[in-house]
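Taking it in order: structure first as structure tokens, then the write-up.
The values are calculated or read from the model by the stated rules, or taken from the named source; none is laboratory data. Nothing here was measured: the structure is a model prediction, and the numbers come from that model. Cβ atoms come from the backbone with ideal geometry, glycine included; neighbour counts cover every protein chain shown. The protein model used for the area step is the full one, side chains on, heavy atoms only, and it has no ligands, DNA or RNA in it. Shrake-Rupley method; radii C 1.70, N 1.55, O 1.52, S 1.80 Å.
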Amino acid sequence: MAEGLRERKKRQTRQYISDVATGLFVERGFDAVTVAEIADAANVSVNTVYNYFPAKEDLFFDRSAGMVDRLARWVRGRREGESAAGAVLRELREEVEAVSPRVGLLPDYAVFMRVIEAAPALRSRLWAISQEVQAALEQALREETGAAADDDLPHLMAGQIAWLHGTVMGVIGREMVKGRAPAEVSREVLAMLDEMEALLSERVLGYAVRGRARGGSAGDAAVG
């Protein structure tokens, strides 16, 4: 359905407040900026800010919703004959090889990471987001394999697979803060992904293969 005028205005207002807040956070640091100052700079009331963003951290991680289900989407969209880990490895390689901003391969990402490093509240929120990513992945694995509620295997596999994404994002953030060129970091991370894949066991690499049934527990089964 086409976006209505009211919905579009709300979306634009939300984005504007977020952009104003991010600019202030980058300029002065997260802890030094109050919600009242953000509201004043955006020419809205404090209540309006809180209507769109329940917590101050939400203003900084405005686009985190798209990240939370990233791994789950990749797994659900895996190709015929591809495992869950294989899908995540492929998607990560494609993003890194393309020097994609979606994985932080852009010069401005260093500014973003420095703000986080200087604010304990943002570091805590980033950790919480990583836990949400893993939980969404686990749920996807359970649904895709038909695992029973008391089967721990999807939880264990989600931890292994989420490690790939978390490590790649962490290394990219660390290297971009050093002021390195995105293309150079891309080449190094591609090589690192090969090393990471070699560290995974055959059971992880062969888990939840689309279109191929496997023996063992329900969590090992693949769904066509």
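Per the Cα gyration tensor, the chain maps to an equivalent ellipsoid with semi-axes of 36, 22, 15 Å, ordered largest to smallest. Compared with the direct C-alpha span, the chain from Glu197 to Ser45 gains 49.7 nm at full extension, assuming 0.36 nm per residue. Under 1.5 on a/c is rounded, so check that first for the range 10-71, then, if it is not, pick prolate when a/b is larger than b/c and oblate when it is not; a ≥ b ≥ c are the square roots of the alpha carbon gyration tensor eigenvalues. Note, shape of the range 10-71 comes out oblate. With a/c under 1.5 counting as rounded, go ahead and sort the range 82-143 into rounded, prolate or oblate using the C-alpha gyration tensor (a ≥ b ≥ c being the square roots of the eigenvalues; past the cut-off, prolate if a/b is larger than b/c, else oblate). Oblate. Along the chain, the exposed loop sites are GluC sites (Glu not before Pro) outside DSSP states H, G, I, E and B with at most 16 other Cβ atoms within 10 Å, and the longest stretch free of them is 81-224.
For the chain, the relative contact order works out to 24 percent when only alpha carbon pairs closer than 8 Å and six or more residues apart are counted. Considering only the Cα atoms of the range 120-164, their convex hull presents on average a projected area of 3.3 nm².
Assign one of three labels to the range 52-160, namely rounded, prolate or oblate, based on the Cα gyration tensor with a ≥ b ≥ c the square roots of its eigenvalues; rounded applies when a/c is under 1.5, prolate when it is not and a/b is larger than b/c, and oblate otherwise. Intermediate values should be presented prior to the final figure.
Working: a/c = 2.57, a/b = 1.46, b/c = 1.76.
Here the range 52-160 falls in the oblate category.
Only one residue of Gly66, Phe25, Val49 has its Cα farthest out toward the positive end of the dipole of the range 21-74, where Lys and Arg carry +1 and Asp and Glu -1 on Cβ, and that residue is Gly66. Surface composition of the range 74-224: carbon plus sulfur atoms contribute 54% of the solvent-accessible area (1.4 Å probe, protein chains only, all chains present).
For a straight C-alpha distance cut-off of 21 angstrom, the lysines reachable from Lys56 (same-chain residues fewer than eight places away being disregarded) are Lys10.
Solvent exposure of the chain amounts to 52 Å² per residue of accessible area, where only protein heavy atoms count and the probe is 1.4 Å. Evaluate the distance, in nm, between pseudo-label points positioned 7 Å from the Cα of Leu205 and of Ala181 along their respective Cα→Cβ axes. If labels sit at Leu205 and Ala181, their model points lie 3.2 nm apart.
A Gaussian network model of the chain, with springs between Cα atoms under 10 Å, assigns the largest mean-square fluctuation among Ile172, Ile161, Ile17 to Ile17.
Every helix of 4 or more DSSP H residues in the chain counts as -39500 (n - 2.57), and over all residues that averages to -21000 deg cm²/dmol at 222 nm. In this simple spin-label approximation, Asp69 and Ala32 carry label points 7 Å from Cα along the Cα→Cβ vector, and these lie 3.8 nm apart.
So if I take the alpha carbon set of the range 1-125, get Rg, then get Rh from the Kirkwood formula, what is the Rg over Rh ratio?
The Rg/Rh ratio comes out at 1.05.
From the Kirkwood radius over Cα pairs of the range 48-87, Stokes-Einstein at 4 °C and 1.567 mPa s returns a whole-number translational diffusion coefficient of 106 µm²/s.
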